[in-house]
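*Asks:* My questions will all concern the structure given below.
Bear in mind that the values in this text are calculations on the coordinates, not laboratory data. Since this is a predicted model, take the numbers as computed values, not measurements. So basically every Cβ, Gly included, is an ideal-geometry build from the backbone, and we count neighbours across all protein chains shown.
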Amino acid sequence: AARSKDNLRSPICCILGHVDTGKTKLLDKIRQTNVQEGEAGGITQQIGATYFPIENIKKKVAVLDKEGKQEYKLPGLLVIDTPGHESFTNLRSRGSSLCNIAVLVVDIMHGLEPQTLESLRLLRDKKTPFIVALNKIDRLYGWKTIPNNAFLDSLAQQSEAVRKEFHMRLDRVNLEFAEQGLNSCVYYDNKKMGKVVSLVPTSAFTGEGVPDLLQLLINLTQERMSGSLMYLSELECTVLEVKVIEGLGTTIDVVLSNGILREGDKIVVCGLNGPIVTQVRALLTPQPMKEMRIKGAYVHHKEIKASMGVKITAPDLEKAIAGSRLMVVGEDDDEEELMEEVMGDLQTLLSSIDKSGRGVCVQASTLGSLEALLDFLRASEIPVSGINIGPVYRKDVLRAGVMIEKAKEFATILAFDVPVDKEAEKYADEVGVKIFKADIIYHLFDQFTAYNKSIVE
Ligand code: GTP
Ligand code: MG
Ligand code: NA
């Protein structure tokens with residue numbers, strides 16, 4: 001199809017912000033799901049993707065558009081959820097680099113927090129347009145809820161005291177943005193959308209302000225970004241996750257930002273033991289309004305056009321690495337060249353392994369979480385001698401066992417968000433390799449430092 005303003009792809013919107021500001025809960029409210037309550041420790045540790053067809057968005061925005069005047073030129077919205085915990089800078093960076101627009105979520109009771117500032121830096125570095133969801137307005141003392149209402153209408157129903165508290169907190173947040181050198185104002189007063197950051201008061205609990213947030217996202221992207229949203233035939237695709245799914249084998253979850261993926265395509269991705277060249281067996285998506293991270297019934301496709309979160313099944317994906325780019329080998333493409341290109345990202349990670357050969361072994365579920373863990377260990381000055389992605393097997397214990405002679409305190413495997421094979425566990429016990437398992441990075445760190453202390457003493 002032609003490149004034109006009538007052929008737009010869905011914008012990719014990334015949700016960023018400090019931990020526990022309500023990013024996942026906001027998406028749950030729009031999806032009518034309960035993803036957040038199923039997360040370990042209530043903390044997001046992966047990037048997620050959800051597709052919102054425009055029909056569903058229309059319904060949510062309807063309270064603001066009683067006369068039906070709102071125009072819709074987009075097929076939908078692909079939303080990327082990211083973790084706010086400080087350990088996941090790399091995932092925030094990856095999420096924000098995939099997106100066309102971002103929603104920075106700020107807790108109205110807390111104002112700007114450390115990862116808010118970090119997210120602001122990422123957005124500025126990449127010149128990504130963004131709006132702010134000023135979330136948890138239901139926590140203003142005495143707030144009267146009107147579920148899923150437009151914000152201004154809800155505000156008008158509040159007591160004098162609630163409105164006063166709201167404006168007081170709003171002023172404070174505006175001041176904090178000013179301290180960061182940014183002009184901001186509540187969105188309905190914003191006359192200069194291109195220059196001044198819009199704040200949208202929301203509640204992920206009551207749904208108030210959510211129609212406003214969606215309407216603003218749609219208007220900003222379709223009015224101001226139609227140039228960058230024109231559909232391109234050149235493929236742009238990133239692997240978010242490598243997952244074993246019952247009945248499907250090893251699959252990869254990707255974000256398709258541009259171009260078309262087809263069943264049968266020959267694809268190239270970065271693998272732990274070198275580039276992987278394989279053929280797409282099936283293209284699957286979750287149901288609309290469902291999170292890619294959550295197991296569910298998949299929809300099969302012959303081809304998929306950007307933008308979309310897609311699960312790909314294909315042979316030989318076991319060693320594929322999350323975070324890698326995915327390329328399709330076209331008729332005129334040099335396969336070798338593509339293979340070299342996709343391997344670039346892993347080279348960077350491998351270079352962080354300690355040259356002395358002394359250090360812990362680290363195992364994680366994705367390139368992203370491995371990167372996060374390595375960043376964390378580097379900051380804590382814990383050397384790393386080996387890395388791997390995927391479950392811990394006997395051979396991994398064998399490798400860590402080398403350290404028993406060299407430096408016993410490092411004869412450990414830090415296993416982040418990956419299963420440990422039964423036999424591997426038994427073998428580790430026999431030879432004296434300590435395996436620490438956790439699905440929250442800093443818990444791993446705590447276990448390791450306690451153990452390290454006990455050995456050194
Ligand atoms: P991370 O992904 O871990 O960074 O957190 P998050 O930003 O996704 O926040 P999450 O959705 O996990 O919500 C954190 C906590 O705040 C949970 O206990 C939610 O129930 C609560 N919460 C989220 N949004 C709201 C809101 O609008 N009002 C109130 N009262 N509580 C909220
Ligand atoms: Mg979350
Ligand atoms: Na959370």
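*Asks:* Kindly give Rg over Rh for the chain, based on alpha-carbon atoms, with the Kirkwood expression for the hydrodynamic radius.
*Replies:* Expressed as Rg/Rh, it is 1.00.
*Asks:* Taking the chain as the reference, fit the longest principal axis to its C-alpha atoms, fit the long axis of helix 89-98 to the helix C-alpha atoms, and give the angle between the two in degrees, 0 to 90, nearest 10.
*Replies:* Its long axis makes an angle of about 60 degrees.
*Asks:* If you take every residue apart from residue 262 with its C-beta less than 11 Å away from the C-beta of residue 262, what net charge results, scoring Lys and Arg +1 and Asp and Glu -1?
*Replies:* 0
*Asks:* Please work out the ratio of the alpha-carbon Rg of region 65-178 to 2.2 N^0.38 Å and round it to two decimals.
*Replies:* Dividing the Cα Rg of region 65-178 by 2.2 N^0.38 Å gives 1.25.
*Asks:* How long is the gain from residue 431 to residue 40 if the chain were fully straight, where each residue apart is worth 0.36 nm and the alpha carbon distance is subtracted?
*Replies:* 137.6 nm
*Asks:* Starting with the highest mean, order 227-236, 52-61 by the number of other Cβ atoms within 10 Å, averaged over the residues of each peptide.
*Replies:* 52-61, 227-236
*Asks:* Let me ask something additional. In degrees between 0 and 90, to the nearest 10, how far off the longest principal axis of the chain does helix 210-224 point, with axes built from Cα atoms?
*Replies:* 90
*Asks:* Dipole of region 116-239, Cα-centred, from +1 at each Lys and Arg C-beta and -1 at each Asp and Glu C-beta, to the nearest 20 debye?
*Replies:* 260
*Asks:* Which order do peptides 425-431, 41-47 fall in by mean Cβ count within 10 Å, highest first?
*Replies:* Ranking the peptides 425-431, 41-47 by packing returns 41-47, 425-431.
*Asks:* According to the square roots a ≥ b ≥ c of the eigenvalues of the Cα gyration tensor, what is the shape class of region 293-344, taking rounded for a/c under 1.5, prolate for a/b larger than b/c otherwise, and oblate for the remainder?
*Replies:* prolate
*Asks:* Points 7 angstrom from Cα along the Cβ direction at residue 450 and residue 175: gap in nanometres?
*Replies:* With each label point 7 Å from Cα toward Cβ, the separation is 4.2 nm.
*Asks:* Quick one: compute the contact order of the chain, relative version, from alpha carbon pairs under 8 angstrom and 6+ residues apart, as a percent.
*Replies:* Averaging sequence separation for qualifying contacts and normalising by length gives 14 percent for the chain.
*Asks:* Please compute the net charge surrounding residue 383, taking Lys and Arg as +1 and Asp and Glu as -1 over other residues with Cβ under 12 Å from its Cβ.
*Replies:* Residues close to residue 383 contribute a combined charge of +1.
*Asks:* Sticking with this one: Taking 0.36 nm per residue of separation and subtracting the Cα-Cα distance, what length does fully extending residue 405 through residue 163 add?
*Replies:* So the chain would gain 80.4 nm between residue 405 and residue 163.
*Asks:* With a/c under 1.5 counting as rounded, go ahead and sort region 202-245 into rounded, prolate or oblate using the C-alpha gyration tensor (a ≥ b ≥ c being the square roots of the eigenvalues; past the cut-off, prolate if a/b is larger than b/c, else oblate).
*Replies:* It comes out oblate by the Cα gyration axes.
*Asks:* Further, regarding this structure: Work through the residues other than residue 91 whose Cβ is under 13 Å from its Cβ and net out their charges, Lys, Arg +1 and Asp, Glu -1.
*Replies:* Net charge in that neighbourhood comes out at -3.
*Asks:* Show me, bin by bin at 10 Å from 0, the whole-percent P(r) of region 331-457 based on Cα pairs.
*Replies:* Result, from short to long distances: 13, 43, 29, 9, 4, 1, 0 percent.
*Asks:* From the helices alone, meaning DSSP H stretches of at least four residues, give me the mean residue ellipticity at 222 nm for the chain, per-run term -39500 (n - 2.57), in deg cm²/dmol to the nearest 500.
*Replies:* Computed mean residue ellipticity for the chain: -10000 deg cm²/dmol.
*Asks:* Among rounded, prolate and oblate, which fits region 400-457 when a ≥ b ≥ c are the square roots of the eigenvalues of its C-alpha gyration tensor, a/c under 1.5 means rounded, and a/b larger than b/c means prolate?
*Replies:* Note, shape of region 400-457 comes out oblate.
*Asks:* Let me ask something else. Averaging sequence separations of C-alpha pairs under 8 Å and six or more residues apart, then dividing by the length of region 301-374, give the relative contact order as a whole percent.
*Replies:* Here the relative contact order equals 35 percent.
*Asks:* For the chain, which cysteines have no second Cys with its Cβ under 4.7 Å from theirs?
*Replies:* That list is 13, 185, 237, 270, 361.
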